[in-house]
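All remarks here apply to the structure that follows.
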Amino acid sequence: MSDLGILTLGVLTETPLWGSHRLELLARLLAAAVLGGLLGWERSRSEKPADTRTMVLIAVGAAGFAALGIELANAHPVGETIRTDPTRVLAYIISGVGFLGAGTILHSKKSVRGLTTASAIWAVAAIGAACGLGEFEIGFYVFLIVFALLWSNWITHALFGPDDEENGNGQGNSNNDPPPDA
């Protein structure tokens, strides 16, 4: 099976179906899925609409598009003039996911809800794109920062209780309700 090639841009290449390049690509996509899934898990614990499956799909989709950009650029021999720019893929991911995130924001007369979830969706796309480009360190650092920020409300809520504005003592009830806008 190693002598079978894959079809890339209409040309049969010498790359084996499960060679080291393909395993690296799979690792990139799986890293995006794991990191996006962990952030989605946090969103689902906060009872937000963009849960684990949504975040995994966004991260893996962004990783897939980023990896496609690299594959298109590498499909031509070095020195050959190409008219592809893999960085354009990133620009379209940013704007496309921005529209997706905007759909999670609800505006009413006195409040705006969903900004944190919209921002998390955007950050998950960045994590996915970084993993798709093979920049695991960047993806992991973005994940750490976003996860810590999202969990800061949970930690504060667990340690000090919810803010109780009525009696002003900051020591609310001890139920397990998620913190507001977590």
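The values are calculated or read from the model by the stated rules, or taken from the named source; none is laboratory data. Everything numeric in this text was worked out from a predicted model, so none of it was measured. Here the Cβ positions follow ideal geometry from the backbone for every residue, glycine too, while neighbour counts run over all protein chains shown.
A few remarks follow.
- Of all residues making up region 30-50, the number that are touching a helix residue (DSSP H, G or I) at 6+ places or on another chain (Cβ under 8 Å) and part of a helix (DSSP H, G or I): 14
Let's see how each residue does on (1) modelled with pLDDT of 80 or more; (2) over 25 Å from residue 115 (Cα atoms):
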| residue | (1), (2) |
| --- | --- |
| 50 | no, no |
| 74 | no, yes |
| 81 | no, yes |
| 92 | yes, no |
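- Of all residues in region 24-41, none that is at positive phi and in contact (Cβ under 8 Å) with a residue 40 or more places away in the chain has its Cβ atom under 9 Å from the Cβ atom of a residue that is surrounded by fewer than 19 Cβ atoms within 10 Å (Cβ to Cβ) and in a helix (DSSP H, G or I), 6 or more apart or on another chain.
- Contact annotation: residue pairs with Cβ atoms under 7 Å, 6 or more positions apart or on different chains, pairing a residue in region 99-123 that is part of a helix (DSSP H, G or I) with a partner that is hydroxyl-bearing (Ser, Thr, Tyr) and surrounded by 18 or more Cβ atoms within 10 Å (Cβ to Cβ), are 117/104; 118/104; 121/104.
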